[in-house]
Every structure is written in structure tokens, then in C-alpha cells.
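The values are calculated or read from the model by the stated rules, or taken from the named source; none is laboratory data. Bear in mind the structure is a predicted one, so any value in this text is a computation, not a measurement. Reconstructed Cβ throughout: ideal geometry from the backbone, glycine too, with neighbour counts over all protein chains shown.
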Amino acid sequence: MRKIYAKIYYKDGKPVPETLEEHTENLLIELEKLKNIYGRDIVINEDFWENLKFACLFHDLGKVSDNFQSKLKRIVGEKIPRGVDKEIPHNFLSGIFLYSKSIRKLIPREFFDYIFYAVVFHHDREINFDSNYLKEVVEKDISKKADLLNWLEKYSIVIDRVDPDRSGILFKKIKEFKYSEHEKTKEVKRSKYFILLKGLLHRLDHSASAKVNVEEERIKNPREKLIQKLSKKENFTGLKPFQEKAKDYENENILLTASTGMGKTEFAINWIGESKAFYTLPVRVSVNAMYDRFVNYFGKDKIGLLHSDAVFYGFDKYEKFEDNLSIEEHIIRTQATRQFAMPITITTADQLFTATFKYPGYEKVYATLAYSKIVLDEPQSYSPDTLAIIIKGLQEISELGGKFCFMSATIHPFIRERLKDYCRILDAVFNTEKKHKITLLDNSLEETTEKIKDLYKKGKKVLVILNTVKKSQEIYKLLKDDKTNVKLLHSLFINRDRKEKEDQIKENFKTEQPVIWITTQLVEASLDIDYDVLFTEIATLDALIQRMGRVNRRKGRTIDENSSPNIFIALNNPSDQGKIYNKNIVELTKEALKNYEGEILTEEIKQSLMEEVYNEEKIKSTKFYEKFEKNLELLEYGYQADTKGEAQKLFREVLNINVIPEKILNENYTQIDNLINQILDKSIPYPERLKSIHKLNSFTLGLPIFRIKDQIPTDITPPKMRNKIFSVNFDYNSELGLIIESQQLGEIL
């Protein structure tokens, strides 16, 4: 009997085939794991698991085709005659087996379409064939292969006959689903049953293919583990009342306003309990720091790290990886995390909420979140466009059965309005310590340099935050002299230099040595730093509050009524000229802050200011609010992205490309060329190639595409290289970063 292959794997550089029977059995093994670990959380009817099993058994049967088999067998040195000329994707061919009379009798009529569409669209492929050609393939090839599937009999499935005449119905249903031409098909797509069935089939297929568990075991007794760790800290006297009360809300959606430093994370852990969870933050640096925190509580085997560079996390700390074996273990954990297998995953929001655009295969994300808890931490850092996507996603996931905790030090009132029907709004928890006294400067930040130097000379650690990279470079030049310890950090440093500067800014505030750090909003939410004084350009209120949070951050660092101001806000001529921060919101912010000139801003006052500035009636005519409403309306009308890549671009708004400044390329050409060759050399073990990718990335920076519209970047990577890297003819040095002489302004995070 001919063997039917489903997959080819590589072991020690050699191809190893896996049969269709083996691959299918692996899906069923993973199905049992999923059911055993989270079955009670997946709220669906009793037929669901049997129907999911049916989908697993049939999803890859189309791989019996000669065209598919010839591709795989050629790799392992076997030959079979090719079938008809053009290959039809196997997922479409799998559907014909469900039309066998014996199979239709096994599947209840009300569940047939759910199973059928889950099987036929478990891959998103183009329909580059017509009904006649499909019939020809079924007749000349597929119909003759039923005897090769007799292994299905151990699951009480007998495929007696494949009928080519049913291919017309198959083709019609494929087109109806692909192009949503039929109302009944639309209803299937929107149903919770289908989203769970198709999404979990994706999960099972991907985990079986990647050879990782579909789910790792839950964290046992997480609350006790949390207390054990916290009790080792000095002065720990138990959880705060609001943290303790979190477990009372474990079956509810929650919106929490709580000051920075009050312990929102511990609240969230108590709320999560033993549930599967995803903890989201706006930027990767924050995600990495939170990952370390959760690993400290629960161990690295229970916590996943998910963002675009997660596989490289830890490569700068070589003591973590003693040899290639430990790197391989890290890679396996990363693969498991990508398959959503970990009990708790710390991630950037784009990894989840791009699914709100319903790109093909989005059900994998929604089906997982339907039995999970999601924590949205520090959501005020997102743009109005992105907030709309997240709000819509939370609403839909909640309707599927998932739970969310939306928490921040400052929550926009119009966001609270959109979520109030979906969650319990808790009483705000404010830090009563007094930390920030503001003064408003009726000038630009350039005109405050003498004041900055004066405070530096008095021994202060000063943080200066500008709205654009270009302005941060200019202020750095104004302040830089032989007597002043001044440093610069922004997003347009290559990764190697940026990492070094991020480490420095985190270390500098711990010492007694005075320092001036010139930065951009890069530090608003991403770096855990604590400085004495802040000078900042005017921005929107939520951004300013985030910036203030970098001053007197640590518990016990306070001021009183007699203290000098420690927050200086320059009101005139902000460098972004309204291109980053909405002008109308900035004006409302100015007006609100004028009432507090020279006064201490308590956390409670900050939230009341948020209510004042972001009052829905006040902001309705602003572009900020219009963007939020437009995106929300678009999603309400069912806007969908054609691909996951398109969804990611829509979510992130600004498209970045990886570039190496020409100067850096020329200085390191031989090393960079060698690294590219090592990455492409499949004979080198994967852990070694991964090291080369990480090293190559250290020479790159992410540059918004609009910045280079006046020149064409040079692609320096070969065609085989998946992740493209370009060189750009902008000047660069490790002191100032990338120097762009044009007057273009834009995203600078």
C-alpha cells in the first residue's frame, strides 16, 4: 500500500516524512490535551468536541492528490507519476470527502456547514480553477484514492465512494464562503460555534505541525505563589484591599483606574486566577520587563513572551544561554508561545487585536480568547485609531465568552462610555502621595536650557522630553559641553546603540551623579526610570501624565507645598507642530493646566483633568475623536483585511522598514556580509543562525517609510532572505543617531 505523506520535517539536515495518518493522529492527541486542560472553560454544546474531531479527521484528506504527493516525495527521493496539470489546494479537495453518503449520515445536518467550511478553509488559498477542472481532478485522481484512507476505519469512518458529480456543489460552496455571496454563509461565519470550531482546528493543526503542545498545564495556586514571592519583599504586609478583592470579580469584565505604583499588576494576577490569560502592553520594552516580573512569580515554563522580536529576548544576556541546547529550549518555548500554548502570555496588543480586522484565519485568535482573560495595561498610550480597534475587539471577544480587565492610571471618559455595557466599572484607586508640582513656561523648550543647566548644577537628575527626534538632537547640541553630563536617547539609533543608551538611562537614576537625559516619548511607557525633574514640550494631557510618571516614581519619593516645581511644561512652539499630538486636544490641555499653575497635581486631580479635557462634547469636533469614531464605524460595518499583513499595517499605522545607515554598512561591511551568508546557510545549526540574525539586527533601526520618500533605499539582502534590510544615505553617529536633514515630521516612538 502506498504511503500518503502530510508533512516533511528536517532532522539533522535531512528530510523526514510524516504520514497523513500520523499527522491526523497528532491532531487528535492535541485535541484531548485541549479538552482536558480547558474543556470546562470552552462554553459550547456537548456535540462540539465530536464535531471538532470530525474536522481534524477530514482537514487534510485532500493531500492524497498526486500533485501534492509528488511534491513531498520528490524531497525524500521517492517518485510517483504527477496527476493532472494544475494542482488544486488540498484544503479545497478535502471537502469532497465530506460529501460521501456514508459521511453525511454521520454528521448531523445542523453542524455540517460548520465542519465543512472549517475543513475547506483551514488554509486561505486562491481559487484559480473552475468547476469543470475541479470535477476532472476529483474524477481522475481523488476518487481513486479512497482505499488509501482505510486507516479512518478505526475512528468508525468508512469512505465508501467519492462522487465526482458532487464537485459542482463543492465549488459553489467554496465560492459562496470566499466571497460571502450568500446570507446563510455570512451567518455561519459570524456564529460563535463556527469561530470556535475553525479557530481551534487552526490551533490543533499548527501545534501538531510545530510539534509543540496545544496547551501547557494551568498554573496551580497562582494567588498563593504571588503571596509567597511578595512576602519576601521588605515591609510587605499583605495585598491591598483592592488587590485582594480582585478575585471576587474573576468571572466579570473589569475597568480599573489605579495610579501608577499602586499594584495594578498584582490586582490583575489575582483577577486572572487559574485561567488562561494574555497580558498586553503598548511597547516591547514594557512587555519584556513585565515578562521578567511574571517569570519571577511563576517560572519561565509557565509564561510566554510574544512580540515580533521575542525569539531574540535574552540574547544580550549571554549567561541565560550556556550552549545551543539552552537556546533550543528557548526556541521551543517561543514556538509554543506563538501557538498560544502558555498559561499566561505577555504580549504587545497587535499580536491579538489585528484579528479584529477578520483577516483569513483570524478565528485562531478569537477562539483562543473566547476561553481566556485579557489584561489591557496602560491603554492610554495607543492612538485613537488603535483604541477603536481594541475596543471593538474587546466587545466581540466578550460576546464569545472571553473576559477582559481594562486598567490604567488615566482612562479616557469616551472609552469608559464605550465599555460600560460590557464590564463592571470599579471605584478608582489613587496614590495619595504628592509627587508632582507643575509650572507652565510661556516659551519654547530651547529657551529653558539655562534653567535645565542650573538644576543640573544643583545635583539634580533631569529628564527632558521632546516631541520629535530632530528637536531632541537640537536640544542635545545646545546643552552639550565639557562640564555637563548630558546624554541623548530616541528611536533613530541602531539597535546596538539604543540598547546601550536604554541601559544607561535606567542605571543613571540609581546613582547620585547628576545627569541630563534628552529623550522623546520613547520613555513615556517603556522604561522604568525615576528622575528628579522633568522638562517637557506641551503635548496632550495623557502623554504629559505619562511623562510626569518618570519623576518621583518610587514609593516614598514625595514633595510638599513648599517644594519647588519639578515638572516644567514649555507651552510655545512644540516641535511636532500638531502632526503628532492633536492641536485641539493640546489647546484643551493648556486651558485645563492653567488652573493648576504652581500647584501639586495629585493622582486624583490628574484623573479629573482627564475627565475635563477628554469630555466627549468638547472633543467631538477634533480629528482625534473623528479618527476613533471613523475606525469604530468601519469595524461596525464589517470591514475586513485581505491578509494578516494588511491587518498588522492597519493596526500599527506607521509602516517601518529595517535599515542600516550607509556609514554603519561601510564600516562593518565584511561582518554584515558574513552574517547574511551564515543566516542563509542551512547546514549551520538553527541556534547558530539565530545568533547571526540577532547580531545582524544590532546594526539596524526601524525607520518609518514616509521619512525616506525622497530617496530610494537600497536592498542589501539577497532574494532568499525573508526579512529585508535596506541601506539609507543618511548621516549617522552613535552620539546623535540618524541625522535627517529634511523638515519632515512624523511618528518618533
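Regarding Glu46, is this residue assigned to a loop (DSSP other than H, G, I, E, B), free of Cβ contacts under 8 Å to residues at least 12 places away in the same chain and charged (D, E, K, R)? Here the answer is yes, as Glu46 does meet what is asked.
What about Ile391, is it part of a helix (DSSP H, G or I) and β-branched (Val, Ile, Thr)? The answer is yes for Ile391.
Evaluating Thr386 against the criteria (1) more than 22 Å from Met610 (Cα to Cα); (2) touching a residue at least 60 places away in the same chain (Cβ under 8 Å); (3) surrounded by fewer than 23 Cβ atoms within 10 Å (Cβ to Cβ) leaves one unmet condition, (1).
Restricted to segment 594-625, and to residues that are farther than 11 Å from Phe414 by Cα and touching a Pro at 6+ places or on another chain (Cβ under 8 Å), which residue is modelled with the lowest pLDDT? That would be Phe624. Give Lys453, Lys480, Lys506, Lys461 a once-over and let me know the one that is assigned by TED's automatic domain parsing to the domain that holds Ile580, under 30 Å from Ile725 (Cβ atoms) and not acidic (Asp, Glu). When all the criteria are applied, what remains is Lys506. The residues of segment 698-729 that are assigned to a loop (DSSP other than H, G, I, E, B) and touching a residue at least 60 places away in the same chain (Cβ under 8 Å), listed by number, are Ser698, Phe699, Thr700, Asn723, Lys724, Asn729.
Candidates are the residues of segment 286-298 that are among the aliphatic types (A, V, I, L, M) and crowded, with 20+ Cβ neighbours inside 10 Å; the one that is farthest from Pro379 (Cα to Cα) is Met290. From the list Ile107, Ile159, the one residue that fits, being in contact (Cβ under 8 Å) with a residue 60 or more places away in the chain and not hydroxyl-bearing (Ser, Thr, Tyr), is Ile159. Filtered by the rule that a residue be closer than 21 Å to Val486 by Cα, within 30 Å of the chain's Cα centre (by Cα) and without any contact (Cβ under 8 Å) to a residue 40 or more places away in the chain, segment 509-562 gives a lone residue, Asp530. Residue pairs whose Cβ atoms lie under 6 Å apart, sitting 6 or more positions apart in sequence or on different chains, and linking a residue in segment 451-468 that is closer than 20 Å to Ile538 by Cβ to a partner that is among the β-branched types (Val, Ile, Thr) and outside any strand (DSSP E or B), are Val462/Ile452; Leu466/Thr520; Asn467/Ile580; Thr468/Ile748.
Every residue, every condition in (1) of a type in the set (D, E, K, R); (2) surrounded by 18 or more Cβ atoms within 10 Å (Cβ to Cβ); (3) under 16 Å from Ile538 (Cβ atoms), yes or no:
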position: Ser575; (1), (2), (3): no, yes, yes
position: Tyr581; (1), (2), (3): no, yes, yes
position: Glu587; (1), (2), (3): yes, no, yes
position: Lys620; (1), (2), (3): yes, no, no
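Here segment 373-400 is the region considered, the condition is being among the hydroxyl-bearing types (Ser, Thr, Tyr) and in contact with a helix residue (DSSP H, G or I) (Cβ under 8 Å, 6 or more places away or on another chain), and the residue that is nearest to Thr622 (Cα to Cα) is Ser383. Counting only strands (runs of 3 or more DSSP E) that sit wholly inside segment 243-311, those with at least 3 residues that are outside the structural domain of Glu524 (by TED's automatic domain parsing) and within 27 Å of Ile545 (Cβ to Cβ) are 254-257, 276-281.
Rundown of residues vs (1) in the same structural domain as Gly361 (by TED's automatic domain parsing); (2) within 25 Å of the chain's Cα centre (by Cα); (3) β-branched (Val, Ile, Thr), yes/no style:
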position	(1), (2), (3)
Gln607	no, no, no
Glu611	no, no, no
Glu616	no, no, no
Ile619	no, no, yes
Lys627	no, yes, no
Leu635	no, yes, no
Gly638	no, yes, no
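Within segment 224-247, being surrounded by 18 or more Cβ atoms within 10 Å (Cβ to Cβ) and either more than 22 Å from Cys405 (Cα to Cα) or not aliphatic (A, V, I, L, M) (or both) holds for Phe242, Gln243. Just one of the listed residues (Glu735, Glu741) is in a loop (DSSP other than H, G, I, E, B) and modelled with pLDDT of 90 or more, and it is Glu735. Within segment 589-603, the set of residues being of a type outside the set (Ser, Thr, Tyr) and surrounded by 14 or more Cβ atoms within 10 Å (Cβ to Cβ) comprises Lys590, Ala592, Leu593, Glu599, Ile600, Leu601, Glu603. When Lys63, Lys73 are checked against the criterion of being basic (Lys, Arg), touching a residue at least 60 places away in the same chain (Cβ under 8 Å) and assigned by TED's automatic domain parsing to the domain that holds Trp151, a single residue qualifies: Lys73.
Flag: Thr449 matches the condition of being under 23 Å from Ile739 (Cβ atoms), hydroxyl-bearing (Ser, Thr, Tyr) and touching a helix residue (DSSP H, G or I) at 6+ places or on another chain (Cβ under 9 Å). Residues in segment 140-152 include at least one that is crowded, with 16+ Cβ neighbours inside 10 Å and farther than 15 Å from Ser65 by Cα.
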